[in-house]
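Down below is the structure, laid out as structure tokens.
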Amino acid sequence: MNLILFGPPAAGKGTQAKKLVADRGFIQLSTGDMLRAARTSGSDLGKRVAEIMDSGSLVSDEIVIALIEEQLEQNPGASGFIFDGFPRTIPQAKALDDSLAARGRKVDAVIRLKVDENALIERVTKRFEAEGRADDNPDAFKKRLVAYSSQTAPLVEVYRAQGKLSEIDGMADVASVAAAIGGILDSV
Ligand code: AMP
């Protein structure tokens, strides 16, 4: 079972992915987490992406596709992956399909967390105060929302056309969202 958790930044994808790792033994592949780890380690990659991330723009398709490819390669026996924050562009979605197909796998389900933008801004303001992530500052966050609308949201129709898309209310509490995701996975 390979699942894409889909939605704008701060929709709760990471929280739900971590629950699925704990409850179902999936492997979470978060390109945002991988890029932050690269920055913390001080690697060349981390240095290359720092400014782009802090501004709220997307890093290149080439970089994130390579990160995902590396993880798929390192986990050949995984029972399932949760893609969190990837794919974010049409070329990333195409690369993911190709990488999975090369391993006899596919995207089985795409779950979209639907959220209200004003509530997201509130959530992120709180997260900025608590965690101080540079890309959560109001200007960068607005840019992330614009990147989502222009580059990522078009994927909704791609996956809907493939019959893989389920949509749930991402504004519900964490346990209710988790229950809704569980219900969808049990029916796939
Ligand atoms: P996230 O934690 O998923 O919101 O990602 C934080 C930042 O990392 C994003 O604002 C982008 O700069 C970068 N990033 C993460 N995933 C991707 C992706 N799939 N494509 C391009 N940039 C990404």
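The values are calculated or read from the model by the stated rules, or taken from the named source; none is laboratory data. Small disclaimer: the values here were computed from a predicted structure and weren't measured. Every residue, glycine among them, receives a Cβ derived from its backbone with ideal geometry; neighbour counts consider all protein chains shown. The area values use the complete protein model at the heavy-atom level, side chains included, leaving out ligands, DNA and RNA. Shrake-Rupley method; radii C 1.70, N 1.55, O 1.52, S 1.80 Å.
Restricting segment 69-86 to residues that are in a helix (DSSP H, G or I) and farther than 17 Å from Asp97 by Cβ, the residue that is nearest to the ligand (Cβ to nearest atom) is Glu70.
Does Gly56 satisfy the criteria of being away from the ligand (no atom under 13 Å from the Cβ) and either surrounded by fewer than 20 Cβ atoms within 10 Å (Cβ to Cβ) or touching a residue at least 24 places away in the same chain (Cβ under 8 Å) (or both)?
No, not satisfied.
Lys94 passes every criterion in (1) surrounded by fewer than 19 Cβ atoms within 10 Å (Cβ to Cβ); (2) touching a residue at least 12 places away in the same chain (Cβ under 8 Å) apart from (2). For the condition within 12 Å of the ligand (Cβ to nearest atom), over 20 Å from Val59 (Cβ atoms), in contact with a helix residue (DSSP H, G or I) (Cβ under 8 Å, 6 or more places away or on another chain) and of a type outside the set (Asp, Glu), Leu120 qualifies.
Of all the residues in segment 143-185, those that are hydroxyl-bearing (Ser, Thr, Tyr) and over 19 Å from Leu120 (Cα atoms) number 2. For the condition under 16 Å from Ala134 (Cβ atoms) and of a type in the set (Ser, Thr, Tyr), what is the one hit in Thr15, Thr40? On inspection, the qualifying residue turns out to be Thr40. For segment 35-52, residues that are within 8 Å of the ligand (Cβ to nearest atom) and open to solvent by 20 Å² or more (accessible area, probe 1.4 Å) total 2.
Helices (runs of 4 or more DSSP H) fully within segment 127-188 that include at least 2 residues being more than 27 Å from Thr40 (Cα to Cα): 154-161, 174-187. Sub-9 Å Cβ pairs linking a first residue in segment 6-27 that is part of a loop (DSSP other than H, G, I, E, B) and away from the ligand (no atom under 11 Å from the Cβ) to a second residue that is modelled with pLDDT of 95 or more and among the polar types (S, T, N, Q), at least 6 apart or interchain, are Phe26/Asn2, ordered by first then second residue.
Take the conditions within 15 Å of the ligand (Cβ to nearest atom) and in contact (Cβ under 8 Å) with a residue 24 or more places away in the chain and apply them to Leu100. Does it pass?
No; evaluated as a whole, the condition is false for this residue.
How many residues are in contact with a helix residue (DSSP H, G or I) (Cβ under 9 Å, 6 or more places away or on another chain) and open to solvent by less than 80 Å² (accessible area, probe 1.4 Å) when one looks only at segment 138-150? Count: 5.
Return yes or no: is Ala66 assigned to a helix (DSSP H, G or I) and open to solvent by 50 Å² or more (accessible area, probe 1.4 Å)? Criteria met by Ala66.
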